[in-house]
Structure formats: C-alpha cells, structure tokens
Amino acid sequence: DDLISQRASASTQGPPSVSSSNLFSPAPPLSLPIQIMLQPLTKRFRYHFYGNRQTNSIHKPEWYLTQVLKWMENSSTFMEEKIQPIFDQAGQTISAKVDLCRGLVCVVQEKVASDASRMLYDDGLFCHLVEEVLQFEKDLRSHHSYPATLPGLLHILLEDAFLQKWLAVERKMAVEKMDAMLSAEGAWTSQYKDISDMDELKAPECAETFMTLLQVITERYRALPSPSAQLRFFGLQKELVDDFRIRLTQVMKEESRCPLGTRYCAILNAVNYISTILRDWGDNVFFLQLQQAVVSLGDQEVFGSLEMTEVGRLASLEGSLFDGLLSLLDRLKGDMLGRLLHFLMRDTAEKAQPYCQERWLSIPPPQDHSAMSLSSSACPMMLCVRDRLLNLHQVLSVSLFQLAWQGLAEKLDNFIYQEVILTNHFSDGGAAQLQFDMTRNLFPLFGHYCRRPENFFKHVKEACIILCLKVGSAILLKNLLKRSELETRDWEDAGDPSPESALNELGVFCLAPCDVLILLNLKASLPGI
C-alpha cells in the first residue's frame, strides 16, 4: 500500500531532472514486485554510500558503481529463471532483469548527480568520476543488455554545468599533454624507425601521441546519448588540431633555414600523418553519423561561415567534417614541400654551373670515342641529386617522398631545358653527349623509384631527340615547320603530314612546333635555311 501511494510522486522513480531528459521517452513505473525487491538493496546502498561511512568516499566512486554492477550480476540468473516466468504467466511484457537494473540505475543516478556537483572545483576528482561513469555505462549496456532507449548515468553528465566542466578538463589536460609531447626528447623520431614494414608514414612520436590523444577523446564522448553534446566535443577536437598545426608551424619556421634537416622532414611527416588519419576518420561511420547530425541540427559552431554549397556537400556526404582542417594542413604541407624543393634545387643548380658552361660545340662526334662516359662537369650535379634522393628516401614518408622526387624531376627538367639546352649550341658530338648524360645517368637516378623515369623529363627527353636528328631529317622537319608558320591549310588534303603528326612520329609530344624550330636552330651541323 505504501508503494502504491508513492507512485503519485514521479521523483521517487525518475532520475534527477537534467536539461537533457527529453532525450529519452518517459519509462513506465517499476512494477510492485521489483520495487519490493529493490527496498533492501536501496537500504544497503544508502547505508554504505551516504553519511559518514568510510565506504562513502568522494575519491572512490568506483566502490558504489562496482557494487551496483555486482548486484545486477548476482541477481541476473534469479530474475530470469524465477521471476520472469511469473511475469510471462501474468501476460506482462516486462523484462524482470531490465526492470531490476532500471531500479538500481535510478538509485545510483541520484548519488552520481550529488557527487558530481561537489567535484566541480576539483579537476582530478571530476575526471576520475567521468572515467568511472563511462566504464559503468559500458558494462551496463554490454554485459547486462540494458536497452539504449533507457537513460543510464551518462545523461547526468549532460547537464550544462557538468558538460562544461568536462569540456574544460578535456581541453586543459590535452593542452598539457601537447606541451609535454612536443618538448619530449624523442618527439621528432619515429618509434618504428628500425622496422621498415611498419614505418611507411614515418610519423614522429609527437604526432602519433597527439592522434592517440584525439582518439581517446573520441572514445570517451562517442557513447554520449546526445548528438549536440557530441558535436561540442568534436568542436574541441577541431580546436586542438588547429592548435597543434600552429605549434608545428612555429617549429617549422625555426627549422626552415635547413629544409633537408631531420627535424624539418619530421615536421613534414607529422603534418602528412595527421592529414592522412583525419581523411580516414572522415569515412568512419561514427563521424559520418556526426556529419548528418550537424546538417540536421544546423550547428553553427561546426558550420561557422560555410557557404550553402559546402553545407550541401556535407549533407550529400561529398565532403567531410574535417575538410576545413585538411585544407589548412594541406596548405602547410604544400608550403613545406615547396621550401624543401626550392632549397634542393638551389643546391643542385649551384653544382650544375660547370655543366651549364660546358663547350658543347667543341665536343667531337661519338665515333671518335672508344666508349662514351659521363661528362666530368656533370659529376657534381649527379652526385648531389643522388645523395639528396637517398637522404629524402630515408627521412620522408612514402607518399611525401613520391611528391618530393617528382617535384625535383619536374624542376630539373625545366632547369636543364632552360639553362643547359636553350642557352647553348650543339655539335653532333655535343648532342650525343647530352643525350648520353641524360638517358644513361640522370634518368636512371630516378629509375629506382619508378619504371619509366624519362616520362618525368619530357622537355629534356624530347629536346635530345630533336638535337640528335640526322642532318637530312632535321632539314626536312625544319622546312615543314617553317612552311606551317607561313601557311594555313589542310595538310591532309595537300598530301603532307601535319607538323604535329610529324613530331609525334619522332616521339615528340610535349614540345610545340615553335619550340622545335628553336631547338633545330641550336644544331651547329644544320645549314641556315
């Protein structure tokens, strides 16, 4: 009779009122048999975990949380085998086990809410309570089949004061850890540097530690029952990534005088590693669900100043929540790669000066040599390129090294074409020597990293083809190209090949006819026409 009269008061059964209570539909009141069974357990709980008992320690929330889980575990078999059949016979659609758990959760909710309010000014205690509540929630849902539609303990922490405290503690501890990881002795070395199979990304320890930190934060807040609360933690993660990017930029500027140094390359690897992980996370189911929540909630903190087209891309899953961060990281990576290649090319250009000043006109024909060998003036440049490539291959991640060597090949191609070929005149021997230096010495340096390195030196390769043409072929080609400049007609109807088709037959696809004419004029053996 007492229990029946207490039903009129919702506070007896319901959890403490919090701002997020509308997340869950109101549960029906506990059945009378369950209420009767809960009475001794509630009494024992209040005896041990309230008042002046030693077991009531604000430092040890795990004591009462573990005790409640034990009661659930110990009662499970009895509820399923003895009580559930009675409910079934009475035609009640009640799970005896879940109802008992629900009653115990109500008991512990009141205790957690009380303790949390006392811990708001102690970061250590509050952090410990959050960890224990998360573990309790995990055990409750996984081991005791507690329905996701029923509130557990986490919704207590969604009350605004508790949620703000949680976010503040996460931010404070993350910043402290960032300070520590960047100042650690091995911050810029990879922990897998001696295991080649595991070190494709060559991520320095500080970057791995930082991404682990973000992953741990994600694991903590992903269990929250409120998408809007999850988005607040995601906003914190975005702030932390941007903070870490700024710190990397500051260290990079200190190291920018030596872009080929170990630390500069480690920073570049760190930026690449973080952007690679974030791209993977963009395809993760949890973050895709969060993305849909952003669109449906219209969260301004995450949207910021996004254009409607970008919001549409998020809604259609064409973009990801990390696009803004990835854009900044990619810009930093591009800037760092540009500095590295500029420094590398400047060093190579210095070593190439003797080669640029080679007397190509005075080199005798190849038949006058017993065997061709690399030009002595090219040796410093070739050694520089070889050593730099080997060094970059050791210190850069696989994807970054690919960008680096391809960028170097492109710059070398332009440099040799502009500074060596277009600024000199060539005898037949000089043209043959240039082709030998390029095809048998320079291109093979890049052949370790791709099958057809000559494809990355199109200007130089095609220029060598033109310069090495026999006199007769060169005269015919020059006549054809000069006529094409003067006349505009249908070449197929006239019976002559078009300039482009003639060049294609020779293997020239990149150079324009006007460029080929310039090259033909550099051949000393070609009479003026």
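The values are calculated or read from the model by the stated rules, or taken from the named source; none is laboratory data. Note that this is a predicted model, so its numbers are computed, not measured. As a convention, Cβ positions derive from the backbone with ideal geometry for all residues, glycine included, and neighbour counts pool all protein chains shown. For the accessible areas, the whole protein counts, side chains as well, though only heavy atoms, and no ligand, DNA or RNA atoms are used. Shrake-Rupley method; radii C 1.70, N 1.55, O 1.52, S 1.80 Å.
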Could you please let me know if V241 is under 16 Å from L326 (Cβ atoms) and surrounded by 18 or more Cβ atoms within 10 Å (Cβ to Cβ)?
yes
Starting from the range 208-231, keep only residues that are open to solvent by 10 Å² or more (accessible area, probe 1.4 Å), then list their pairs with residues that are part of a helix (DSSP H, G or I) and of a type in the set (F, W, Y) whose Cβ atoms are within a distance under 6 Å, requiring at least 6 positions of separation or different chains.
R222/F286; Q230/Y221
Identify, please: which residue in the range 88-99 is in contact (Cβ under 8 Å) with a residue 40 or more places away in the chain and open to solvent by 10 Å² or more (accessible area, probe 1.4 Å) and is, among those, nearest to the chain's Cα centre (by Cα)?
V98
Flag for R386 being at pLDDT 95 or above, charged (D, E, K, R), in contact with a Leu (Cβ under 6 Å, 6 or more places away or on another chain) and open to solvent by 70 Å² or more (accessible area, probe 1.4 Å):
yes
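Yes/no per residue for (1) modelled with pLDDT under 95; (2) more than 18 Å from L403 (Cα to Cα); (3) among the β-branched types (V, I, T); (4) not in a helix (DSSP H, G or I):
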| residue | (1), (2), (3), (4) |
| --- | --- |
| T309 | yes, yes, yes, no |
| L314 | yes, yes, no, no |
| D330 | no, no, no, no |
| L337 | no, no, no, no |
Is there a residue being in contact (Cβ under 8 Å) with a residue 12 or more places away in the chain, of a type in the set (V, I, T) and out of contact with any Ser or Thr (no Cβ under 9 Å at 6 or more places or on another chain) anywhere in the range 137-153?
no
Those residues that are among the hydrophobic types (A, V, I, L, M, F, W, C) and assigned to a loop (DSSP other than H, G, I, E, B), I need them from the range 179-193; list them, please.
A184, A187, W188
Which of the residues belonging to the range 418-448 are crowded, with 16+ Cβ neighbours inside 10 Å and either closer than 22 Å to L390 by Cα or under 37 Å from the mean Cα position of the chain (by Cα) (or both)?
D437, M438, T439, N441, L442, F443, L445, F446
Which pairs turn up if I take residues in the range 106-132 that are within 17 Å of L150 (Cα to Cα) and look for partners that are among the aromatic types (F, W, Y) with beta carbon separation below 6 Å, at least 6 apart in sequence or on another chain?
V107/F45
When G124 is evaluated against the numbered criteria (1) open to solvent by 10 Å² or more (accessible area, probe 1.4 Å); (2) under 27 Å from P227 (Cβ atoms); (3) part of a helix (DSSP H, G or I), which criterion, by number, is the only one it fails?
(2)
Quick check on the range 395-421: of everything there that is in contact with a helix residue (DSSP H, G or I) (Cβ under 9 Å, 6 or more places away or on another chain) and among the polar types (S, T, N, Q), which residue is farthest from L445 (Cα to Cα)?
Q418
Can you tell me which residue within the range 37-80, out of those that are open to solvent by 60 Å² or more (accessible area, probe 1.4 Å) and under 22 Å from R141 (Cβ atoms), is farthest from the chain's Cα centre (by Cα)?
F78
Failed item, numbered, when L150 is tested on (1) assigned to a helix (DSSP H, G or I); (2) in contact with a Lys or Arg (Cβ under 7 Å, 6 or more places away or on another chain)
(1)
